[in-house]
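*Asks:* Below you'll find the structure I mean.
The values are calculated or read from the model by the stated rules, or taken from the named source; none is laboratory data. Since the structure is predicted, the reported quantities are computational estimates derived from the model, not experimental observations. Ideal geometry is used to build each Cβ from the backbone, glycine not excepted, and the neighbour counts take in all protein chains shown.
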Amino acid sequence: MSEEGRYRPASLDDLSELSVLFDAYRQFYACASDLAAARSWLSTNLSERRSVIFLAEDSDGVLLGFTQLYPALCSVDLVEYYVLYDLYVDQGARRQGLGRGLMAAAEQHARSLGMARLDLETAKDNAAAQSLYHRLGFVRDDLFHKYSLELA
């Protein structure tokens, strides 16, 4: 399987298989399994173009991982950028460079649209992801604190 053929944008035709991966990703972050909700979220994102999703697949077309990008704006720098919110590779397909390939597909897409940057967050204890991001040239922001206000 060629590196070029392994990564591609997702479409609504991928929804069933992608939903299973997305549900597993959410479980990784301690959410309860909810395949219907995962499918609904992805369906809305794809059909309304709220996000861009790239897939990693094997030579038989079986999905092995994904990354999801959300467009964002920075009023300080007056630029558009992407938030790389989700990156997931099926447990059985890890350590094969798929995460790196998905990140490269996301970066190439963002560059092709003239985006200023890719931003992401990861859990403080997710050392594997942090190592990948560091190797890919991402710089950890130590200047700003992240705050959230739960509204629901």
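*Asks:* Would you confirm, using the coordinates I've provided, whether SER47 is of a type in the set (Gly, Ala, Ser) and surrounded by 15 or more Cβ atoms within 10 Å (Cβ to Cβ)? Break it down into steps so the answer makes sense when it comes.
*Replies:* On the way: of a type in the set (Gly, Ala, Ser): yes; surrounded by 15 or more Cβ atoms within 10 Å (Cβ to Cβ): no.
No.
*Asks:* Further, regarding this structure: For region 15-41, what are the residues that are closer than 16 Å to LEU102 by Cβ and touching a Phe, Trp or Tyr at 6+ places or on another chain (Cβ under 9 Å)? Can you show your working first?
*Replies:* Keep residues of region 15-41 that are closer than 16 Å to LEU102 by Cβ, which gives 17-18, 21-22, 24-25, 28.
Selection gives LEU18, LEU21, PHE22, ALA24, TYR25, PHE28.
*Asks:* Looking at (1) farther than 18 Å from ARG6 by Cβ; (2) modelled with pLDDT of 90 or more; (3) surrounded by 13 or more Cβ atoms within 10 Å (Cβ to Cβ), which is the only condition LEU63 fails?
*Replies:* Here LEU63 clears every test but (1).
*Asks:* Now a separate question. Just to check your reading of the model, which residue among GLN91, GLN96 is at pLDDT below 95, over 16 Å from the mean Cα position of the chain (by Cα) and either of a type in the set (S, T, N, Q) or surrounded by 14 or more Cβ atoms within 10 Å (Cβ to Cβ) (or both)? Before the answer, list the steps.
*Replies:* On the way: GLN91 fails: over 16 Å from the mean Cα position of the chain (by Cα).
Only one candidate qualifies: GLN96.
*Asks:* I'd like the residue in region 99-131 that is among the charged types (D, E, K, R) and in a loop (DSSP other than H, G, I, E, B) and, out of all such residues, is surrounded by the most Cβ atoms within 10 Å (Cβ to Cβ). Explain how you work it out, then say what you get.
*Replies:* Taking region 99-131 first, the residues among the charged types (D, E, K, R) are 100, 107, 111, 117, 119, 121, 124-125.
Filter once more, so that each one left must be in a loop (DSSP other than H, G, I, E, B): 117, 121, 124-125.
Working: ARG117: 15, GLU121: 12, LYS124: 7, ASP125: 7.
Per the stated criteria, the residue is ARG117.
*Asks:* Also, quick follow-up: Collect the residues in region 25-44 that are surrounded by 17 or more Cβ atoms within 10 Å (Cβ to Cβ) and either among the acidic types (Asp, Glu) or within 15 Å of the chain's Cα centre (by Cα) (or both), keeping them in residue-number order.
*Replies:* Of everything in region 25-44, those that are surrounded by 17 or more Cβ atoms within 10 Å (Cβ to Cβ) and either among the acidic types (Asp, Glu) or within 15 Å of the chain's Cα centre (by Cα) (or both) turn out to be TYR25, ARG26, ALA38, TRP41, LEU42.
*Asks:* Applying the selection to region 99-133, what residues are polar (S, T, N, Q) and at pLDDT 95 or above? Working first, answer last.
*Replies:* From region 99-133, those polar (S, T, N, Q) are 108, 112, 122, 126, 130-131; that's our starting set.
Across region 99-133, the qualifying residues are GLN108, SER112.
*Asks:* What number of residues in region 66-90 are of a type outside the set (Gly, Ala, Ser), farther than 20 Å from TRP41 by Cβ and either in a loop (DSSP other than H, G, I, E, B) or free of Cβ contacts under 8 Å to residues at least 12 places away in the same chain (or both)?
*Replies:* Initially, region 66-90 is screened for residues of a type outside the set (Gly, Ala, Ser), giving 66-71, 73-74, 76-90.
Subsequent filtering for residues that are farther than 20 Å from TRP41 by Cβ retains 73-74, 76-81.
Add one more test, that the residue is either in a loop (DSSP other than H, G, I, E, B) or free of Cβ contacts under 8 Å to residues at least 12 places away in the same chain (or both), and what stays is 73, 76-78.
Of the residues in that region, 4 qualify.
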